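J.: Handing you a structure now.
The values are calculated or read from the model by the stated rules, or taken from the named source; none is laboratory data. From a predicted model like this one, the values you see are computed outputs, not experimental measurements. FYI the Cβ positions are ideal-geometry reconstructions off the backbone, even for glycines, and counts take in every protein chain you see. The area values use the complete protein model at the heavy-atom level, side chains included, leaving out ligands, DNA and RNA. Shrake-Rupley method; radii C 1.70, N 1.55, O 1.52, S 1.80 Å.
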Amino acid sequence: MMAGKQSVFRSGLRTGSRPDGVSALRGVVTPSGPVAVLDLGSTKVSCAIAEPVDRHINGQDYRHALRTTGLGQTASRGIRNGAIASVSEVERAIRVAVDAAERMAGLTIHSVFVNVSGGRPSTLSASALVSTQTGIVSPRDIETAISIAISRADIGKRHVLHLNPSGYSLDGIASEQPPLGMHGEKLGVDVGIVTLDGAHLRNLTLAVERAHLRVAGFGLSAYAAARGVLSPDEMLLGALAIDLGGQTTGYAVVRQGVLVASGQVAVGAGHITGDMAQGLSTTLAHAERLKNLFGSVVPFAHEDREMLAVPLLGERGVDSIQQVPKQVLTSIIAPRLEETFELIQRELDRNPLPFPVSRVVLTGGGSQLQGVREFAAQFFGCTVRLGKPMLAPGAVELAKGPDMAVSAGLFALAIKPDRRLAMPAAARSHIEQRQMGYVRRVGRWLKEAL
């Protein structure tokens, strides 16, 4: 990574600068040149390139400021369950995807925004209650409260990826916005912190830099997917976004435009394919084909009468084909998807949210299974919809599928990053002492209004 450049949405570099080709305008970063993102998944690696549509958004959805003009994809290599297993293989996959995207867009890129799906991401919360210095809440009071909250968080040697104040209180009265300028004696603050293993982040950076690219910023995959598919009202009122990937499933709860909770479970659509291959005694390739063409999560009428031809693994000749009722696919798919949702619900139950989640948005390649929306609505007991990337008109057609949600979210984070200032010195010093210099460059993010 080039020295002196700031990660737009990663708390890893000092603040005060912007990546190449972008400038700040009222909380929105207006690109002056192409922006590239890199989605490193367990099943595919995607590179997308977008160019600015209009430097002045004029009140429109900020995600419409970029139009996707180039897209390159290749099978993922060297990534297992979101973790880097081979830097050299990941490097080769990056080169293939980037080259294809550059050819389609007709330009050369030099830096990318990258997703983070491995490194065992974890969300924790911290809070603090302080006395205001003058009886009127000032920016210094809020920074002091956040510094104390961070010092109480058990971060250890993990890296801080996302950090956002999620709520405030003044003399016991809760508020979702900082109570600047208000009279009060006791100021409280709640801070949400997303951490991950630093080694994973360094391996990601190494793979990207070996492909002769700079890392412009990092973003948590589940959070990026949420930013890519949630509507402005959903981000304000609160929604749970679930990204059904190949080998992992990420989730993120966003409310008031702030990441409240996130995580990931080691189950994905690829596990459904494996279950089908074992249950039907067929090849993985044919199981994937059956899943995509006929797979369903909920049973439909007459499925017990509809037969599918399934080749047996390792068999040849006339006896190599078996006839299987279509409903057998549902009996295999539904339990695995139910397990996925149960694991997510279990993670959310460990740290209960202070508000009910009444809306779920499904995205990712696994969300294309028939009946997944109805199945999720029955499981979570709330409104569920399928989310697709919100892109500017004229984007390449391949970029509009739910499997491109993370890429769309990385664009959104590049255009409208989480607003922040520098970490208070007290909090930074505390983390440095506990980690013995390991996170010297960790930043703290605050609302720009402060």
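J.: Quick check: from the Cα gyration tensor, does region 33-159 come out rounded (a/c under 1.5), prolate or oblate? Provide the component values of the computation, followed by the final result.
T.: Details: a/c = 3.95, a/b = 1.57, b/c = 2.52.
It comes out oblate by the Cα gyration axes.
J.: Once neighbouring chains are kept in place and the probe is 1.4 Å, which whole percent of the accessible area of region 181-220 is contributed by carbon and sulfur?
T.: About 54 percent, which is the carbon plus sulfur part of the accessible surface.
J.: With respect to the cross-link table entries K157/K400; K388/K416; K157/K388, which display a Cα-Cα separation exceeding 30 Å?
T.: From the list (K157/K400; K388/K416; K157/K388), the Cα-Cα distance tops 30 Å for K157/K400; K157/K388.
J.: With 10 Å bins from zero, work out the P(r) of region 110-250 over every alpha carbon pair and list the percent per bin.
T.: 11, 31, 30, 21, 7, 1
J.: Not counting ligands, DNA or RNA, and with a 1.4 Å probe, what is M307's accessible surface area in Å² rounded to the nearest 10?
T.: 90 Å²
J.: Might you tell me the accessible area per residue for region 253-367, computed with a 1.4 Å probe and given in Å²? Present the calculation step by step, with values, prior to reporting the outcome.
T.: Working: 5790 Å² over 115 residues.
Computed with neighbouring chains in place, this is 50 Å² per residue.
J.: Separate question: Taking every Cα atom in region 197-258, find the radius of gyration and the maximum pairwise distance Dmax, and write them in Å.
T.: Every Cα atom of region 197-258 included, Rg and Dmax give 14.4, 42 Å.
J.: Let me ask something else. Which value, in Å² rounded to 10, gives the accessible area of K326 with a 1.4 Å probe and all protein chains present?
T.: In the full protein context, K326 sits at about 30 Å².
J.: For region 89-152, taking Cα atoms only, what is the radius of gyration to one decimal and the Dmax to the nearest whole Å?
T.: Every Cα atom of region 89-152 included, Rg and Dmax give 22.4, 60 Å.
J.: Provide the three semi-axes, in whole Å and in decreasing order, of the ellipsoid equivalent to region 226-357 as defined by the square roots of 5 times the Cα gyration tensor eigenvalues.
T.: 37, 14, 12
J.: If you take the beta carbon distance between E342 and K400 as r and set R0 to 25 Å, what does 1/(1 + (r/R0)^6) give as a FRET efficiency, to the nearest 0.05? Provide the component values of the computation, followed by the final result.
T.: Numbers: r = 31 Å, r/R0 = 1.23.
The calculated FRET efficiency here is 0.20.
J.: When the chain is fully extended, how far beyond the present Cα-Cα distance does S331 get from R120, taking 0.36 nm per residue of separation?
T.: That works out to 72.9 nm of additional length.
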